[in-house]
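Contents: one structure, followed by commentary.
The values are calculated or read from the model by the stated rules, or taken from the named source; none is laboratory data. Not measured: the values here are computed from a predicted model. Neighbour counts are summed over all protein chains in view; Cβ atoms, including those assigned to glycine, are modelled from backbone coordinates with ideal geometry. With ligands, DNA and RNA removed, areas are computed over all heavy atoms of the protein, side chains included. Shrake-Rupley method; radii C 1.70, N 1.55, O 1.52, S 1.80 Å.
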Amino acid sequence: MSSTILVVEDEPAIQELIAVNLSFAGHKVLRAFDVDQAETLIRAELPDLILLDWMLPGASGITLARKLRSDERTRTVPVIMLTAKGSEQDKVDGLEAGADDYITKPFSPKELMARIKAVLRRRAPQLTDDMIEVDGLKLDPISHRLSGRGQPLAIGPTEFRLLHFFMTHLERVFSRTQLLDQVWGDHVFVEERTVDVHIRRLRKALEPTGHDLHVETVRGSGYRFTSQIPKI
Ligand code: CA
């Protein structure tokens, strides 16, 4: 699945090489040469992942990593640090500043793509293409197909995204605001009521095979997708 990835790298040749590889893999690429440009881009659109060079003109990558972690809006965005530095202490500093992973230059595009996939799988599984199955409900992000115990289920695109998010975050309660941020994207102005409408449609789509019972309303909090339907 395509993700929006911000590349913060001041060396034009390296930035270009990374951007080309990411685009080729189907990702949307945002580019910045320094921390100021990166912050402007992040304000306009929250990326799904940030590739962040350590040594940048002006403020360093590590400064930005710390800032991202201390801000509510950017706290959970995965960050991979890129650097020529290879010492153990630098690695520790990077991880302590909140980076999810660390790649030492020079790296091969293949290694970079593998690391990105691993970080997304860990931090944002709804952005990967892995097939998921919960209690006989099977969701395939590549073909956009859904089935319940082998029976194909018709589902709208928004409900599909919502279900994908739920199935990759089992048992956790999400508020309507959190679901809007995660499924609709932040900076998208949709009323919270809209979430309820799509939850209703999602339940309807799952009804034919009884999987609608996995979608639980948690009073006063929001919604949760459980792996086990309570036995009556
Ligand atoms: Ca640099």
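Taking the C-alpha atoms only, the angle from helix 157-167 to the longest principal axis of the chain is near 80 degrees.
Heavy-atom accessible area for Val7, with the other protein chains in place and a 1.4 Å probe, reaches approximately 0 Å². If you wrap the tightest convex hull around every Cα atom of the stretch 132-225 and split its volume per residue, you get 89 Å³.
Please give the FRET efficiency for Thr104 paired with Glu16, using the beta carbon to beta carbon distance and R0 = 22 Å, rounded to the nearest 0.05. After rounding to 0.05, the efficiency reads 0.65.
Restriction of the chymotrypsin sites (Phe, Trp or Tyr not before Pro) in the stretch 132-223 to DSSP coil positions whose beta-carbon has at most 11 other beta-carbons within 10 angstrom yields Phe189.
Report, for the chain, the % of DSSP beta bridges that are antiparallel, rounded to 5.
Values: 14 of 31 bridges.
Here the share of antiparallel DSSP bridges comes out near 45 percent.
Which is the longest stretch in the chain that no exposed loop site breaks, taking sites as GluC sites (Glu not before Pro) with a DSSP loop state and at most 15 other Cβ atoms within 10 Å?
Values: sites that count: Glu45, Glu72, Glu171, Glu191.
Between the exposed loop sites, the longest stretch runs 73-170.
Applying a DSSP loop filter and a limit of 11 other Cβ atoms within 10 Å to the trypsin sites (Lys or Arg not before Pro) in the stretch 19-88 leaves Arg75. Projecting the Cα atoms of Thr158, Phe225, Tyr102 onto the charge dipole of the chain, computed from C-beta unit charges around the Cα centre, puts Phe225 farthest toward the positive end.
Which entries in the list Lys105/Lys138; Lys28/Lys204; Lys138/Lys204; Lys117/Lys204; Lys67/Lys105 go over 28 Å, if you measure between the two C-alpha atoms of each? Violating the 28 Å limit, Cα to Cα: Lys105/Lys138; Lys28/Lys204; Lys117/Lys204.
Give me the percent of accessible area attributable to carbon and sulfur for the chain, probe 1.4 angstrom. Here carbon and sulfur together make up 53 percent of the probe-accessible area. Computed from Cα atoms alone, the Kirkwood hydrodynamic radius reported for the stretch 140-192 is 12.3 Å.
Accessible area per residue for the chain is 52 Å², calculated with a 1.4 Å probe on protein heavy atoms, without ligands, DNA or RNA.
Tell me the net charge near Pro157. Cut-off is 13 Å between Cβ atoms, Pro157 excluded, with +1 for each Lys or Arg and -1 for each Asp or Glu. Don't jump to the answer; show the numbers that get you there.
Details: positive: Arg145, Arg161, Arg201; negative: Glu159.
Summing Lys and Arg as +1 and Asp and Glu as -1 gives +2.
Computed over the stretch 84-175, the Cα gyration tensor eigenvalues convert (square root of 5λ each) into semi-axes of 36, 15, 9 Å, ordered from largest to smallest. Which log10 I(q)/I(0) values does the stretch 4-125 give at q = 0.15, 0.17 Å⁻¹ under the Debye formula, counting every alpha carbon as one identical point scatterer? Taken in order of the listed q values, log10 I(q)/I(0) reads -0.59, -0.78.
Any number yet on Rg/Rh for the stretch 2-64, C-alpha, Kirkwood?
Numbers: Rg = 10.9 Å, Rh = 11.5 Å.
So for the stretch 2-64, dividing Rg by the Kirkwood Rh gives 0.94.
So for the chain, considering every pair of alpha-carbon atoms, how many percent are separated by more than 22 Å? Roughly 56 percent, rounded to a whole number. The value of relative contact order for the stretch 51-114, using C-alpha pairs under 8 Å at least six residues apart, is 32 percent.
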